[in-house]
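Comments concern the structure below.
The values are calculated or read from the model by the stated rules, or taken from the named source; none is laboratory data. Note that the coordinates shown come from a computational prediction; the quantities given were computed from them, not determined experimentally. Neighbour counts are summed over all protein chains in view; Cβ atoms, including those assigned to glycine, are modelled from backbone coordinates with ideal geometry. For accessibility, only protein heavy atoms count, side chains too; no ligands or nucleic acids. Shrake-Rupley method; radii C 1.70, N 1.55, O 1.52, S 1.80 Å.
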Amino acid sequence: MPQDVRFDLPFDTPVSRHLAPARERHLRWVRERGLVRSRAGFEEYRSWDLADAAARTYPYASADDMVVLMNWFSLAFLFDDQFDAGRPDRAERIAEVARELIATPLRPAGTPPRVECPITLAWAEVWGHLSDGMSLTWRSRFAASWGRFLVAHCEEVDLAAHGRAGSLSLDEYTAFRRRKVGIHHSIDAGERSRGFEVPAAAMAHPLMERMRDLAADTIGFMNDIHSLERERRRGDGHNLIAVLRRERDCSWPEAADEAFRMTTACLDEYVALQARVPAMCDELGLDAGERARVGLGVEAIQHWINGNYEWALTTGRYAAVKDGAVADAELAGRGSVDDLLSV
């Protein structure tokens, strides 16, 4: 099955020592904030173990920050699942909530949301913690990446609502997937998790930009491979393997093999570019402290590539077989058992 597909990654990911206690605090928070509303919804959410994903992608966060990052993961993943293929009109509500989520980082921290539902209320709370201590430059960079991610989500919902979920060409899909996977702002959060910021000159360099794009492509394609069974149950055509099968008129196994090749090619290019980082630092004339922060920024990318991969191999979110209310929801085209867009 696709969730069993393994890649040979050239770096390892430590796991936060705060995982177990942070997970318990996080699950209480999810229930208290109404991000799960039914027993079936809670059990399905717990099977995803997003806490494990956060502990692998932000392994050096403090105990309190680890909970904040887990909380952020929950609202991002749960919002991503709110579209209902059986209710195209719901796309308007998703767009309204997405606009609110985009606006939150552009307002003073702590500003109450104008559009209220469990996800917007939770995000206003989380952003107050996530942005604490970070510069305006970092907050603006994060907000821009976060906004592109949410706009891409709305584009995906619109395509599905109009029956065009499988209409993107391979080139269109790969460009779209880079925005939709949401990795750029997730890597940015790696800086917050360790209390540093990559120098602006390095962040704007074409080498760093390309490395971040390749990380997004690698993670997005890996995710498409590991989540194929879930997305086929939902009738979701926004998956690299599905796009390849349609465009090249080939079998599912042939499309999966090509997706694996494309993913490996992205990873290989990333590794080759990473070796050029010291030369980039020389070119920019960075001092020892700035070089150290660039190094931490590269580690943040590595943590995301490998950490997300290790989590995806075991998470219940991508399980090949589901039953009960969860299976019924997915077969009906929904990603979530619970409605989180109403008050």
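Computed over every Cα-Cα pair of the chain and binned at 20 Å starting from 0, the pair-distance distribution P(r) comes out as 31, 61, 8 percent.
Under the criterion of Cα pairs below 8 Å and six or more residues apart, the relative contact order for segment 74-188 equals 30 percent.
For segment 226-333, the share of alpha carbon pairs falling in successive 10 Å distance bins from zero is 12, 29, 27, 17, 12, 3 percent. By the Cα gyration tensor, segment 106-250 has an equivalent ellipsoid whose semi-axes, rounded to whole angstrom, run 31, 21, 12 from largest to smallest. Under the combined filter of DSSP loop state and at most 14 neighbouring Cβ atoms within 10 Å, segment 1-86 retains these trypsin sites (Lys or Arg not before Pro): Arg6, Arg17. Normalising the average separation of contacting C-alpha pairs (under 8 angstrom, six or more residues apart) by the number of residues puts the relative contact order of the chain at 30 percent. Rolling a 1.4 Å probe over the protein heavy atoms leaves Tyr60 with an accessible area of roughly 120 Å². In a reduced charge model with +1 at each Lys and Arg Cβ and -1 at each Asp and Glu Cβ, the chain shows a dipole moment near 620 debye about its Cα centre. Based on every Cα atom in segment 1-114, Rg and the maximum pairwise Cα distance Dmax equal 16.6, 46 Å. Can you tell me the FRET efficiency between Arg39 and Val321 if r is taken as the Cβ-Cβ distance and R0 is 25 Å, rounded to the nearest 0.05? Once rounded, the FRET efficiency stands at 0.80.
A crude spin-label estimate for the pair Arg210 and Val5, with each label 7 Å from Cα along the Cβ direction, gives 2.5 nm.
For the chain, the carbon plus sulfur part of the accessible surface works out to 51%, probe radius 1.4 Å. At q = 0.18, 0.20 Å⁻¹, what is the base-10 log of I(q)/I(0) for segment 131-210 according to the Debye formula with one equal point scatterer per Cα and no solvent? Please give it to two decimals. Log10 I(q)/I(0), no solvent term: -0.80, -0.91.
Could you state the number of Å between the C-alpha centres of segment 216-270 and segment 140-183? Spelled out, the Cα-based centre of one part sits 16 Å from the other.
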